[in-house]
């Protein structure tokens, strides 16, 4: 069965103009039925339409609710802390270039990760934190939340690779599985650009327990049927380590690694594991800054063997 997430089908933006694309509900239902996913088709059939097209206001409100619920997963899996334990040594290494670091979160959603890092201050004050997403409703809500909380971060509705200022470090959480395997190489290649020193992307580890863990969590913590459906489908779509490392190798100017998760991670949750890249000239400093945790770095060539 073709594995599709409803959220990928009900909202779309033109990558060049940034304008929203109108989507016919019947077209989405047909795609889901063709994929053999009648449950997802029933969820979409209940979504409001205007002239046969999905109501964009209703879709945005739904996606904001789903992402609000999704924050619980990030909180329970301590994602901000997990990113910080890698980002702090990454930025320590990157600062030897003498430039103020800029961290860009790709597909930031409601900006939970950026807001959490800004609130904790774990990366220090001398860093720019930017969240980027193509969904204007999510960016608007992320901006509102950051302003209400008085946090030193910003959010932009754009293509993360089309920003005027490059990122020192690109990061993402739960984004990689949204890309078909054949498009991952281009995603990583786009990060091998002047000024960018590293990247770290956490995504669901493709284990046998991941779909069950995702089902258990989403049944217990999420109310929206769309969120429950997509959470399990995300775990089923997760890319293997080999696929991720092979794609990351297309960022030819980076040395790539997997970072093995802590052994105490709850196996019933859809455990998250990062693939990361660092400029070779910074790898030594990065390892030194990681300290004992550097033992968790698995070079791509080692895993390939």
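The values are calculated or read from the model by the stated rules, or taken from the named source; none is laboratory data. Not measured: the values here are computed from a predicted model. Positions of Cβ are backbone-derived with ideal geometry, glycine not excepted, and every protein chain shown enters the neighbour counts.
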Next item on the list: Go through the range 61-83 and give me each residue that's under 19 Å from residue 199 (Cβ atoms) and either over 18 Å from the mean Cα position of the chain (by Cα) or at pLDDT 95 or above (or both).
Entry: 83
Notebook entry, point to check: Within the group 235, 198, which residue is buried (at least 22 other Cβ atoms within 10 Å of the Cβ) and at pLDDT below 95?
Noted result: 235
Check: Looking at the range 273-287, is at least one residue within 26 Å of residue 77 (Cβ to Cβ), outside any strand (DSSP E or B), modelled with pLDDT of 80 or more and assigned by TED's automatic domain parsing to the domain that holds residue 78?
Finding: yes
Next item on the list: Name the one entry in 47, 3 that is more than 29 Å from residue 199 (Cα to Cα), touching a helix residue (DSSP H, G or I) at 6+ places or on another chain (Cβ under 8 Å) and assigned to a loop (DSSP other than H, G, I, E, B).
Entry: 47
Checklist line | Verdict on residue 183 being surrounded by fewer than 21 Cβ atoms within 10 Å (Cβ to Cβ), out of contact with any strand residue (DSSP E or B) (no Cβ under 9 Å at 6 or more places or on another chain) and not in a helix (DSSP H, G or I) | finding: no
Note to self: Would you confirm whether or not the range 71-82 contains a residue that is in a loop (DSSP other than H, G, I, E, B) and without any contact (Cβ under 8 Å) to a residue 40 or more places away in the chain?
What the structure shows: yes
Item checked: Number of positions in the range 220-231 that are assigned to a helix (DSSP H, G or I) and either under 22 Å from residue 36 (Cα atoms) or touching a residue at least 24 places away in the same chain (Cβ under 8 Å) (or both) -> 8
Notebook entry, point to check: Do you know which residues across the range 149-180 are in a helix (DSSP H, G or I) and either over 13 Å from the mean Cα position of the chain (by Cα) or not assigned by TED's automatic domain parsing to the domain that holds residue 71 (or both)?
Noted result: 149, 161, 162
Check: Restricting attention to the range 91-99, does a residue exist that is free of Cβ contacts under 8 Å to residues at least 40 places away in the same chain, outside the structural domain of residue 123 (by TED's automatic domain parsing) and assigned to a helix (DSSP H, G or I)?
Finding: no
